[in-house]
Amino acid sequence: MSPRYLLGVLIFAVSVVGLSMGATLPLVALRLHEAGAGSLTIGALSALPAAGMILAALLTNRLSQRFSGRQLYLACFTLCLFGVVALLPEQPPLPLLAIARLLLGVGMGVLVILGESWVNELCDERKRGQIVALYAACFTGCQLGGPAMISLFGAASAWPVWLVLATNLIALALVWRSLPADLAEDTENAPRRFSLLGFVRVAPALCLGVLFFAFFDAVVLSLFPVYASGHGYAVAVAALMASVILAGDMLFQVPLGWLSDRLDRRALHLACGMLTLGLGVALPWLIEQPDLLWPALMLLGAAAGGIYTLALVLIGHHFRGPDLVTANACVGMLWGVGSLLGPLLSGALMDIGPQGLPLAMCLAASLFVVAALGALPAARRAFS
């Protein structure tokens, strides 16, 4: 079976994960809100998939030593099916919903971690940036499709759930027919140079890049519409702004990947961070300039998305075998942590003042920029 076909299967699989995440997160929150649930209940159930992804990061290394990648893919899509089926009733029992949300997070987390590892193993180094960027862009594009389905059918409709369920069934069948036991060479007895947490010491700039983007993604989905509506924009327009940011992320990742195959990747990584930081600093002014705001939001999504995509490209360039799985497991853990911290910190700062969201974004981006500046001259020595 050709590597190109296998890459296509992996990209389709992560697209299904993106659709599942993008559809179920707002769907659960809206249904609970309409049922009169309190904000604490909504927040706790909304955080469970992120908690599941952290749990997945802690389990993936051990699971990958005991089971083949194909077996894990089949098991995780089965977990995702259960997590989606639980949403067919408009108001399922809260304990069942909580278990389903947690298991969905675990399933999606393992799928993303293994998928990123396999895609990087299959990549030709000359086109690594473009392929990894396409992988990330498909995930983001399908994540955008979730809210669009809810907007089209409504939160009370079963159609979004049935459509997500159908795509998960197709992915399960495709994995059953197409994936071999493992796509990479046998590395069961290969030594591991670092642990899950040890990767943070090995590559702090890459870790902070992932942490920042997870923080940013969660804030954009949950709080950016609130920030914009607080500055006089209608709710529908404010929600559209979040979609424009994610659209910028999706549309510009493949061009950025193409550039990363031709330019110094760490310098480009730093440039994305500095552009994100600059736009975050300018956001309090831009929010009052509608003509400039829309293109700036798309550029913000492109630059912030580039931080994540280039982190994955650099991880794939420098690590192989068990170290690559460990690195991507750390990525999954950091994604869960960032998804939890983003709304909490931004929400707290927004309670203090009207520019709390840009402040939180700039603080997170500054940490990455400092780490990326430190990594730039040391890159050759650290990974030679």
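The values are calculated or read from the model by the stated rules, or taken from the named source; none is laboratory data. Predicted, not measured: the structure shown is a model, and the values here were computed from it. Ideal geometry is used to build each Cβ from the backbone, glycine not excepted, and the neighbour counts take in all protein chains shown.
Does segment 68-80 contain at least one residue that is in contact (Cβ under 8 Å) with a residue 12 or more places away in the chain and under 23 Å from Ala155 (Cβ atoms)? Among the residues of segment 68-80, at least one is in contact (Cβ under 8 Å) with a residue 12 or more places away in the chain and under 23 Å from Ala155 (Cβ atoms), which makes the answer yes.
This table checks each residue for (1) touching a Cys at 6+ places or on another chain (Cβ under 7 Å); (2) in a helix (DSSP H, G or I); (3) in contact (Cβ under 8 Å) with a residue 24 or more places away in the chain.
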{"residue": "Leu277", "(1), (2), (3)": "yes, yes, yes"}
{"residue": "Pro284", "(1), (2), (3)": "no, yes, yes"}
{"residue": "Glu288", "(1), (2), (3)": "no, no, yes"}
{"residue": "Leu292", "(1), (2), (3)": "no, yes, no"}
{"residue": "Ala304", "(1), (2), (3)": "no, yes, yes"}
{"residue": "Leu310", "(1), (2), (3)": "yes, yes, yes"}
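Please state which one of Leu10, Leu81 is surrounded by fewer than 22 Cβ atoms within 10 Å (Cβ to Cβ) and either not hydroxyl-bearing (Ser, Thr, Tyr) or not assigned by TED's automatic domain parsing to the domain that holds Ala218 (or both).
Unique residue meeting the criteria: Leu81.
I'm checking my understanding of the structure. Among residues of segment 31-44 that are surrounded by fewer than 20 Cβ atoms within 10 Å (Cβ to Cβ) and touching a helix residue (DSSP H, G or I) at 6+ places or on another chain (Cβ under 7 Å), which one is farthest from Ala327 (Cα to Cα)? For segment 31-44, the residue satisfying everything is His33. Screening segment 128-244 for helices (runs of 4 or more DSSP H) wholly inside it with 3 or more residues that are modelled with pLDDT of 85 or more and over 23 Å from the mean Cα position of the chain (by Cα) returns the ranges 159-178. Search segment 346-357 for residues being in contact (Cβ under 8 Å) with a residue 24 or more places away in the chain and of a type in the set (A, V, I, L, M), and hand back the single one that is surrounded by the fewest Cβ atoms within 10 Å (Cβ to Cβ). Taking the candidates together, the pick is Met350. Listed conditions (1) part of a helix (DSSP H, G or I); (2) over 22 Å from the mean Cα position of the chain (by Cα) are all met by Leu114, apart from (2).
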